Amino acid sequence: MDSLTCPSCGASLPVETRFVKVVICEYCGQSSLLKNRSLDPTGEKVNLASVDSILKIGTTGTLRGEPFKVLGMLRYSYEDGFWDEWFLELQNGKKRWLQEDEGEFTSFGKESITSPIPPYKDINVGSSIQVNDLNVFITEKNRATISGGLGRLMFQISPGDKVEYVDGNASGKLLAIEFTPEEINLSIGESISLDEIELDES
Ligand SMILES: [Zn+2]
């Protein structure tokens, strides 16, 4: 699979891995599900995020020495601003994402949840909860809306979706727990300094 045609504007859109589930056209904002090797428009046009970042869709480089390619991004908005999440494909089909918040980067990977997590409403900032084998100190609790995006995504999103999330830390690691109506997602990450991201010449 190399490229497919946007069903809305006809642009040629690269689709390089079988893990891609949603494509957001970088030209017209049409959001399409990838089905049977063709793009099926969901009827939604996404707000294209205007990006002021060192990263772009298609950027290649290394993160702590490990080669990556940027496949897509989502913008999360909350009452005080927004942050962006850049989806990276690493070698061997591994995935990570870089959260960019006012120029600060955090690298996250998804982890499975092996112990029950309390419901969002029962978690309080300043308290601790047990997550897997970690005792997590909660530093933030908030709601955000997916307000825009670009490129290829590995999971099915609906722009406008709201998520509830808590952030915390444990043993020098950063944890982010996202509560959607369908599922709870746990991500564990660490801060990345700018000199740990090297971009290829383009
Ligand atoms: Zn398009």
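Quick look at the numbers
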quantity	calculated
Length gained when the stretch Thr5-Asn36 is fully extended (0.36 nm per residue, less Cα-Cα span)	9.8 nm
Computed label-point distance, nm, for sites Ser12 and Thr139 using a 7 Å Cα→Cβ extension	4.5
Sequence-distant lysines (8 or more away, or on other chains) whose Cα lies within less than 30 Å of Lys56	Lys21, Lys35, Lys45, Lys69, Lys94, Lys95, Lys110, Lys141, Lys162, Lys173
Cβ-Cβ FRET estimate between Asn124 and Ile184, R0 fixed at 25 Å, reported to 0.05	0.90
Where trypsin sites (Lys or Arg not before Pro) fall in DSSP loop in the range 37-143, at most 13 other Cβ within 10 Å	Arg37, Arg64, Lys94
Relative contact order (percent, whole number), the range 62-117, Cα cutoff 8 Å, 6+ residue spacing	23
Contact order normalised by residue count of the chain, Cα under 8 Å, 6+ apart, percent	20
Contour excess over end-to-end distance, with Cα ends at Lys21 and Lys110 and 0.36 nm allotted per residue	30.3 nm
Dipole magnitude (debye, nearest 20) for the chain, charges at Cβ of Lys, Arg, Asp, Glu	800
Full-extension gain in nm, Phe82 to Asp101, via 0.36 nm per residue minus C-alpha separation	6.1 nm
Compactness index (Cα Rg / 2.2 N^0.38 Å), the range 3-197	1.04
Efficiency of FRET from Cβ geometry, Lys56 and Ser193, R₀ 25 Å, rounded to 0.05	0.80
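None of the figures in this text is laboratory data; all of them are computed from the coordinates on show. All values reported here derive from a predicted model rather than from experimental measurement. When we count neighbours, we look across all protein chains shown, and the Cβ atoms used for this are built from the backbone with ideal geometry, even at glycine.
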